[in-house]
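Working notes for the structure below.
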Amino acid sequence: MHRNYLKVGDKSSAGGTVIEGIPSCTHHGTELTFIGAQVVCPACGSTGRIVPKGPRWPDSMMGKESALEGDLCVCKCYPPPVMIASQNTMFQSFESHHLADMGFASNGTPLRKEPVGDFDERVRVLDGAGRPLSGVPFHIKTKSGAVHKGVTDSEGYCPRVYTANVENLDIAIGYKAVERWNA
């Protein structure tokens, strides 16, 4: 499996356009983009941000995490549009055993993780009327320092967080979560 890098000008499945990049990191003269970069979405009339989804190798370009094809645009659209790369010559490559080690199946979908720890918590994001919100960015940090980040599922849930002891969780959602991803 491979995931192409995104760059300025790339589109979302709703027709949104990436407008932010990293000036010193380019692909054929066009700036590569990053997690948290702005995407102007004509479908909903808002400016969203790129959030991670799926497997990725740890990397940093000028202190920013690379955005990859298949990541999401969190704007006002529902469900969140999927980002589409305009190039296929710069990518991250994954063998099936690497994907399994990262918690993904060979097609990149998440595998269910077995519980690790005696205590757990599951966060659900709801709107003011109590309806679940899917595709909302989250950042959860445990007292012991473990970080969980991504977007809520179709029922508004974040993945269950397991800990060895009773711990408080530091939780951010929405743009605040995206800011923490890039901190």
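Structural remarks
- Around Thr30: net Lys/Arg minus Asp/Glu count, Cβ-Cβ under 10 Å: -1
- Around the amide H of Ala105, modelled in the peptide plane, lie the amide H atoms of Leu111, all under 5 Å away and 5 or more residues distant in sequence or on another chain.
- Above-threshold pairs, the threshold being 19 Å between Cα atoms, out of Lys7/Lys53; Lys53/Lys176; Lys53/Lys143; Lys11/Lys76; Lys64/Lys143; Lys53/Lys149: Lys53/Lys143; Lys64/Lys143
- Principal axis extents of the Cα atoms in segment 79-183, from largest to smallest and rounded to whole angstrom, are 45, 33, 27.
- Think of the chain as a dipole: +1 on every Lys or Arg Cβ, -1 on every Asp or Glu Cβ, centred on the Cα centre; then among Ser144, Trp57, Ile19, Ile19 lies furthest on the positive end.
- Each part reduced to its alpha carbon centroid, segment 14-86 and segment 152-182 end up 21 Å apart.
- Computed from backbone phi with θ = phi - 60° and the Karplus coefficients 6.51, -1.76 and 1.60, the 3J(HN,Hα) list for segment 40-52 is 7, 10, x, 5, 10, x, 10, 10, x, 9, 7, 10, x Hz; x is used for glycine and proline.
- In Hz, Karplus ³J(HN,Hα) per residue of segment 77-89 (6.51, -1.76, 1.60; θ = phi - 60°; x = Gly, Pro): 6, 9, x, x, x, 8, 7, 10, 7, 8, 9, 9, 10
- Taking Cα centre as origin and charging only the Cβ of basic (Lys, Arg, +1) and acidic (Asp, Glu, -1) residues, the dipole magnitude of segment 2-93 rounds to 180 debye.
- Farthest toward positive dipole pole in the chain [+1 Lys/Arg, -1 Asp/Glu at C-beta], among Tyr175, Leu68, Gly45: Gly45
- In terms of the mean number of neighbouring beta-carbon atoms within 10 Å, the peptides 9-17, 166-174 order highest first as 9-17, 166-174.
- Relative contact order computed over the chain (Cα-Cα under 8 Å; 6+ residues apart), in percent: 20 percent
- Footprinting exposure proxy ranking of Lys76, Lys7, fewest other C-beta atoms within 10 angstrom first, gives Lys76, Lys7.
- Highest-MSF residue in the chain out of Gly70, Gly108, Gly150 [GNM, Cα springs under 10 Å]: Gly108
- The order of the peptides 96-107, 77-88 by mean Cβ neighbours within 10 Å, most packed first, is 77-88, 96-107.
Computed from the coordinates by the stated procedures, all read-outs in this text should not be read as laboratory data. Quantities reported herein were computed from a predicted structural model and do not represent experimental measurements. FYI the Cβ positions are ideal-geometry reconstructions off the backbone, even for glycines, and counts take in every protein chain you see.
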